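The values are calculated or read from the model by the stated rules, or taken from the named source; none is laboratory data. What you are looking at is a predicted structure, and each value in this text was computed from that prediction instead of being measured. Backbone-built Cβ (ideal geometry, glycine too); neighbour counts: all protein chains shown. Heads up: the accessible areas ignore ligands, DNA and RNA and are worked out on the full protein's heavy atoms, side chains in. Shrake-Rupley method; radii C 1.70, N 1.55, O 1.52, S 1.80 Å.
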Amino acid sequence: MRNRKIYLAAVSLCLFLFLTGCGSNQMKDGYYTAEMSDFSYGWKEYVCIYVKNDQIISVEFNAKDVNGFIKAWDNEYMRNMMTYSENGMYPNKYAREYAQQLIDGQKEMQLDAISGASESGDNFKKLAVAVVEQAKKGDSSAAIVPSAE
């Protein structure tokens, strides 16, 4: 009888660990989001990823204003940035480049700064770490990343 209880306890523990992923570092399938806690220059940056089979399939890095208007849609802002930027950098360009770095590196977080987008790059790194952690936990609620003060 005692051996049977030990056996059942061991089986239950193994089943529990299997079902909970036993601390797995794998990302769960789904969509995940992380966003900055505050607006900066009128924009709040965010990252959304789609994960399938422990792989980041797509990444959206963008920003929204208080009304939910997306920075990538603001053509006048883009033209102004391109005019004043020394290297022709603008949000759609650096957002795509940072997103591609995350797809290429997956969970490794080997992200290189892009000239002309250093503040957004710092935020992207923080957001990428947070969103990957959400994916590992399988938590589809938005992670809020504290803004630098």
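Results, tabulated for the structure shown:
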{"quantity": "Some residue of segment 79-94 being of a type outside the set (Gly, Ala, Ser), at pLDDT below 80, exposed (fewer than 13 other Cβ atoms within 10 Å of the Cβ) and within 22 Å of Thr33 (Cα to Cα)", "calculated": "no"}
{"quantity": "Test result for Ser147, part of a loop (DSSP other than H, G, I, E, B), under 17 Å from Tyr41 (Cα atoms), at pLDDT below 90 and touching a strand residue (DSSP E or B) at 6+ places or on another chain (Cβ under 8 Å)", "calculated": "yes"}
{"quantity": "Pair list, Cβ < 7 Å and 6+ apart or interchain, from segment 23-51 residues that are of a type in the set (Phe, Trp, Tyr) to residues that are open to solvent by 80 Å² or more (accessible area, probe 1.4 Å)", "calculated": "Tyr31/Ser140; Tyr32/Ser140; Phe39/Val66; Tyr50/Tyr31; Tyr50/Ile57"}
{"quantity": "Residue tally, condition more than 21 Å from Ala72 (Cα to Cα), acidic (Asp, Glu) and either crowded, with 21+ Cβ neighbours inside 10 Å or at pLDDT below 80 (or both), over segment 95-144", "calculated": "2"}
{"quantity": "Failed item, numbered, when Leu17 is tested on (1) modelled with pLDDT of 60 or more; (2) surrounded by 12 or more Cβ atoms within 10 Å (Cβ to Cβ)", "calculated": "(1)"}
